[in-house]
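Chemist: Dropping the structure in here first, questions after.
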Amino acid sequence: MLLSTALLAGVERSLALAIDQDPLTAQRLATLEGRAILLCVRQPDLQLYLLPGHGGVRLAQHYEYDVDCTLSAPASLLARLALSSNRQQLLLSPELELTGDTQVLVQLQNIFNDLQIDGEAALARWLGPVAAHALGNLARGSRNWLGTTRQSLQRAVGEYLTEEGRQLVGRAEADAAAASIHELRLQLDRLDARIRRLELPETGPDDA
Amino acid sequence: MTDKSSTDRTTHFGYQTVRESEKAAKVAEVFHSVAAKYDLMNDLMSGGVHRIWKRFTIELSGVRPGNRVLDIAGGTGDLTRKFSSLVGPTGEVVLADINASMLRVGRDRLLDKGVAGNVRFVQADAEKLPFPDNHFDCITIAFGLRNVTHKEDAIASMLRVLKPGGRLLVLEFSKPENELLSKAYDQYSFTMLPLIGRMVTGDPESYRYLAESIRMHPDQETLKGMMETAGFARVTYHNMTGGIVALHRGIKP
């Protein structure tokens, strides 16, 4: 019990620190004050209440009042739901049960999707605006360089494997081969259907 | 309360037996001595676990926006700070402590952290709470009940000021469930605590009192019985850290 309480305290603290960096998120969370979402996690079994409100989201294992919405799912699915960009698809999973006012959950999800952490502002509190801006520029420059380098590397490796080394086929060739295979599969299906039709006993007009 | 019978009656102050009239002053001395470094000592003595015990207390309190909460023996205001944000601007939290030094440290600390507006500070004796009947939605007393001279009177006083349906939460040191843990805990309490007390506050006696007063405090079942006798309903308790600390909860019918 104490371990899970400590863990929840840590997660709640981290969330509060993140929300502190985005005043708009804090304001939007305040509109959900008094609402409660129950997460029923399966495998392992765990009940967790999300209590959004002014200044953050409280995480609790005990809550004595009615909840607005209950989300029940295996832990693995909830983890995917938290991390995936394609949440709508996951929400249709048969393993997931959602009851109550689902809008509360959707609103909370949207608020966290829009969370933009201003790291430079956080740094400025400690280092001052000039140093924070310099570090921010450095971080942004590094991120851009890493992004560009990753794209460039992907393209170069792809070209080498397809054009120079001839280890892999190119995308155009692969697409053409896939289209041919698809067409061949359709033809086989048609042929199969025709053979089955020919194998049926012939029925004349008198049988009708 | 100056009649002969009351001055002759005795009670415990740690392992010592003292006159009832002297206990409050002796407890006050202890807390005057440790007030300035109370939080640091709590962290050192419990390894920070006291924060988790308090968090669990807040979870079970069920406090909501608009509620009126009394934090008795609130000391340096750990619980009050959290309750203040939970009850919001429409609610109220009263931080009460019999000890002026502790109350001053708590008030300064809360104001420094910007906790104000819905918090009041009252120097009050838990046995004679200066509040109207049926006034609070929730009362908490964390690590304070064992220092009260007449525990039954304090529990009755809390019952009086609670609203019907209101909750009393008593967070207090208790009796470890496991014999081995109990022995290790005794060793820790009577050797390490006074040592830490000597190093940090220069006052090992206050921390020896702490260890002794814990041993003299009623165990889980006894305290539960006391709350039921006072008139609380649905009294339950949760052992934490193997029973070193227990959280009792009762509802005013």
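The values are calculated or read from the model by the stated rules, or taken from the named source; none is laboratory data. These numbers come from a predicted model, not from an experiment. Neighbour counts are summed over all protein chains in view; Cβ atoms, including those assigned to glycine, are modelled from backbone coordinates with ideal geometry.
Chemist: What are the pairs, 6+ residues apart or on separate chains, where a residue within the stretch B:71-95 that is within 12 Å of chain A (Cβ to nearest Cβ) has its Cβ under 6 Å from a residue that is in a helix (DSSP H, G or I)?
Modeler: Every condition considered, the pairs that remain are B:K82/B:I58.
Chemist: Related question: Just a yes or no: is a residue in the stretch B:54-68 over 16 Å from A:H62 (Cα atoms) and either crowded, with 20+ Cβ neighbours inside 10 Å or charged (D, E, K, R) (or both)?
Modeler: Checked against the condition, which is being over 16 Å from A:H62 (Cα atoms) and either crowded, with 20+ Cβ neighbours inside 10 Å or charged (D, E, K, R) (or both), the stretch B:54-68 yields at least one hit.
Chemist: Let me ask something else. Hey, B:G75 hits all of (1) modelled with pLDDT of 75 or more; (2) in a helix (DSSP H, G or I) but one; which does it fall short on?
Modeler: Exception for B:G75: condition (2).
Chemist: Further question: Based on what the data block shows, is A:A82 under 25 Å from B:R55 (Cα atoms) and either touching a residue at least 40 places away in the same chain (Cβ under 8 Å) or assigned to a helix (DSSP H, G or I) (or both)?
Modeler: For A:A82, the condition - under 25 Å from B:R55 (Cα atoms) and either touching a residue at least 40 places away in the same chain (Cβ under 8 Å) or assigned to a helix (DSSP H, G or I) (or both) - is not met.
Chemist: Taking A:V169 as the residue in question, decide whether it is surrounded by 12 or more Cβ atoms within 10 Å (Cβ to Cβ) and over 30 Å from A:L81 (Cβ atoms).
Modeler: The answer is yes for A:V169.
Chemist: Does the stretch A:106-140 hold any residues that are among the aromatic types (F, W, Y) and farther than 27 Å from A:L29 by Cβ, and which are they?
Modeler: none
Chemist: Scan (1) within 29 Å of A:A16 (Cα to Cα); (2) surrounded by fewer than 22 Cβ atoms within 10 Å (Cβ to Cβ); (3) touching a strand residue (DSSP E or B) at 6+ places or on another chain (Cβ under 7 Å) for the single condition B:G74 breaks and write down its number.
Modeler: (2)
Chemist: Could I ask something else about it? Those residues that are more than 14 Å from chain A (Cβ to nearest Cβ), surrounded by fewer than 13 Cβ atoms within 10 Å (Cβ to Cβ) and of a type outside the set (G, A, S), I need them from the stretch B:223-253; list them, please.
Modeler: Of everything in the stretch B:223-253, those that are more than 14 Å from chain A (Cβ to nearest Cβ), surrounded by fewer than 13 Cβ atoms within 10 Å (Cβ to Cβ) and of a type outside the set (G, A, S) turn out to be B:T229, B:P253.
Chemist: Another question, then. From the set of residues in the stretch B:106-126 that are in contact with a strand residue (DSSP E or B) (Cβ under 7 Å, 6 or more places away or on another chain) and among the β-branched types (V, I, T), which is surrounded by the fewest Cβ atoms within 10 Å (Cβ to Cβ)?
Modeler: B:V122
Chemist: Please go through the stretch B:47-63 and pick out each residue that is assigned to a loop (DSSP other than H, G, I, E, B) and more than 7 Å from every other protein chain (Cβ to nearest Cβ).
Modeler: B:G47, B:G48, B:V63
Chemist: Next up: Return a yes/no flag: does the stretch A:89-104 have any residue that is at pLDDT 85 or above, within 24 Å of B:V87 (Cβ to Cβ) and more than 14 Å from every other protein chain (Cβ to nearest Cβ).
Modeler: yes
This table checks each residue for (1) closer than 30 Å to B:S61 by Cβ; (2) out of contact with any Leu (no Cβ under 7 Å at 6 or more places or on another chain); (3) outside any helix (DSSP H, G or I).
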site: A:T99; (1), (2), (3): yes, yes, yes
site: A:L105; (1), (2), (3): yes, no, no
site: A:I117; (1), (2), (3): no, yes, yes
site: A:S142; (1), (2), (3): no, yes, no
site: A:Q151; (1), (2), (3): no, yes, no
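Chemist: Here is a check on your reading of the model: is A:L48 under 22 Å from the mean Cα position of the chain (by Cα), within 14 Å of chain B (Cβ to nearest Cβ) and among the aliphatic types (A, V, I, L, M)?
Modeler: Spelling it out, A:L48 is indeed under 22 Å from the mean Cα position of the chain (by Cα), within 14 Å of chain B (Cβ to nearest Cβ) and among the aliphatic types (A, V, I, L, M).
Chemist: Also, quick follow-up: Mind counting the residues in the stretch B:121-138 that are modelled with pLDDT of 95 or more and among the charged types (D, E, K, R)?
Modeler: Counting residues in the stretch B:121-138 that are modelled with pLDDT of 95 or more and among the charged types (D, E, K, R) gives 2.
Chemist: On to the next question. Pick from the stretch B:84-105 the residues that are part of a helix (DSSP H, G or I) and touching a helix residue (DSSP H, G or I) at 6+ places or on another chain (Cβ under 7 Å): which of them is surrounded by the fewest Cβ atoms within 10 Å (Cβ to Cβ)?
Modeler: Filtering the stretch B:84-105 for residues that are part of a helix (DSSP H, G or I) and touching a helix residue (DSSP H, G or I) at 6+ places or on another chain (Cβ under 7 Å), the one surrounded by the fewest Cβ atoms within 10 Å (Cβ to Cβ) comes out as B:S101.
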